[in-house]
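The values are calculated or read from the model by the stated rules, or taken from the named source; none is laboratory data. Note that the structure is predicted; figures quoted are calculated from it, not measured. Cβ: placed from backbone, ideal geometry, glycine included. Neighbour counts: every protein chain shown. SASA here: full protein model, heavy atoms, side chains in, ligands and nucleic acids out. Shrake-Rupley method; radii C 1.70, N 1.55, O 1.52, S 1.80 Å.
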Amino acid sequence: MTAPEEGLRCMLMRGGTSKGAYFLAGDLPAEPAVRDDLLLRVMGSPDSRQIDGLGGAHPLTSKVAVVSASADPTADVDYLFLQVGVDTAEVSDHQNCGNLLAGVGPFAVERGLVAPGDGRTSVRIRMLNTGDLAVAEFPAPGGRVDYTGSAEISGVPGTAAPVVIEFPQGSSPLLPTGRVRELVADVPVTCVDNGMPTVLIAASALGVTGYETPAVLEEDQALADRLREIRLEAGKLMGLGDVEGTTVPKLSLLAPPSDGGAVMTRTFIPVRCHTSIGVLGAASVAAGLRIEGGVGQNLARLPARGNRLRIEHPTGFLDIETIVAYDAPGGVPVARRTAVVRTARKIFDGTVFPRPAEAGHHP
Ligand code: NQM
């Protein structure tokens, strides 16, 4: 590997409603502290505008995917997601990202890690942040990824080729506290983890409607204080320890649907309010709505038939299929399968030049 200051091979991609820098693991330093210091300098962090790097000044555009061939016989590639702080010098592997996941299969084909099939290509992805598996299917006719198509996802202008993602049953308990509903900081919540630890709360329990814009909710300091209090307590109950400096659990405020869907959401990730909703965040909301006695039960409208739920969010909706089953009547619920359609796009492929390391700073 040449010195990173001489440039690193990098692809900028939109994955779902997020955007990030994709790297081959072999193009980055192996030592996590050295890698993370480099990624901060690539993304332009810490700086609220990320003016000196690739980051887009929002957690949804300050993301990194690290991809490599997998040694696991049940997977083709390994995917490590890293959340890069915008105005903090932090790089975290504590959460996964189902949106950047949409770009991982196409990136693996672009970099020659997997041989594309004829027509649609299927890539089995081991998500290193959780250890869980995902299978992504997308068009790559004649060996070249075709990003064009007619799939539309809320929060992204235009249309693109569908990336169909399936998640088999994950390894985390769906109810991390072992309870369907509990009082946390005096508010009824359901803590759920279908790939993303998420605290479900009725918006009305916090004195908001759940239909406010993210900007209005972000300006509400009293709400921010309440959410912080709930999150710190819920984090401990969910076995995540002290979550003060981490990005999980997320908090999803629920309200009755306004446009024919199952539920309206406003999701805090965890300080900024999401302009749509994360994929695994939505998977957790959807599974939570299907658990008997959860806080969403009286406000959601579940379709009489089928596994698909429409999760409404600030810029539209996300359709997600989830099958929740009980191991025994009245027993423990498990999410057997989750599936979603996303799109992704290669925006730029080339060499990124990190900001120079600060003199005397050795990570
Ligand atoms: O939940 C944002 C996003 C995400 C994560 C976040 C995600 C997911 O929209 O799977 O995709 O919750 O930090 O990219």
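The listed residues are D259, D242, D319, and the only one of them that is in contact (Cβ under 8 Å) with a residue 12 or more places away in the chain, among the charged types (D, E, K, R) and more than 16 Å from the ligand (Cβ to nearest atom) turns out to be D259. Counting only strands (runs of 3 or more DSSP E) that sit wholly inside the stretch 123-190, those with at least 3 residues that are among the aliphatic types (A, V, I, L, M) are 132-139, 163-168. Scanning the stretch 10-54 for residues that are open to solvent by less than 10 Å² (accessible area, probe 1.4 Å), within 16 Å of the ligand (Cβ to nearest atom) and under 28 Å from I320 (Cβ atoms) yields a total of 7.
Scanning the stretch 308-351 for residues that are within 25 Å of M11 (Cα to Cα) and over 24 Å from the mean Cα position of the chain (by Cα) gives G350, T351.
Per-residue answers, yes or no, for (1) open to solvent by less than 30 Å² (accessible area, probe 1.4 Å); (2) within 17 Å of the chain's Cα centre (by Cα):
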{"site": "L100", "(1), (2)": "yes, yes"}
{"site": "L113", "(1), (2)": "no, no"}
{"site": "P116", "(1), (2)": "no, no"}
{"site": "L128", "(1), (2)": "no, yes"}
{"site": "V145", "(1), (2)": "yes, no"}
{"site": "A151", "(1), (2)": "yes, no"}
{"site": "T159", "(1), (2)": "no, no"}
{"site": "E166", "(1), (2)": "no, yes"}
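So, G294, is that one touching a Leu at 6+ places or on another chain (Cβ under 8 Å) and open to solvent by less than 50 Å² (accessible area, probe 1.4 Å) or not? The answer is yes for G294.
Here is a yes/no grid of residues against (1) in contact with a strand residue (DSSP E or B) (Cβ under 7 Å, 6 or more places away or on another chain); (2) without any contact (Cβ under 8 Å) to a residue 60 or more places away in the chain; (3) within 16 Å of the ligand (Cβ to nearest atom):
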{"site": "Y79", "(1), (2), (3)": "yes, yes, yes"}
{"site": "L101", "(1), (2), (3)": "yes, no, yes"}
{"site": "V114", "(1), (2), (3)": "yes, yes, no"}
{"site": "G117", "(1), (2), (3)": "no, yes, no"}
{"site": "V123", "(1), (2), (3)": "yes, yes, no"}
{"site": "A134", "(1), (2), (3)": "yes, yes, yes"}
{"site": "P141", "(1), (2), (3)": "no, yes, no"}
{"site": "D146", "(1), (2), (3)": "yes, yes, no"}
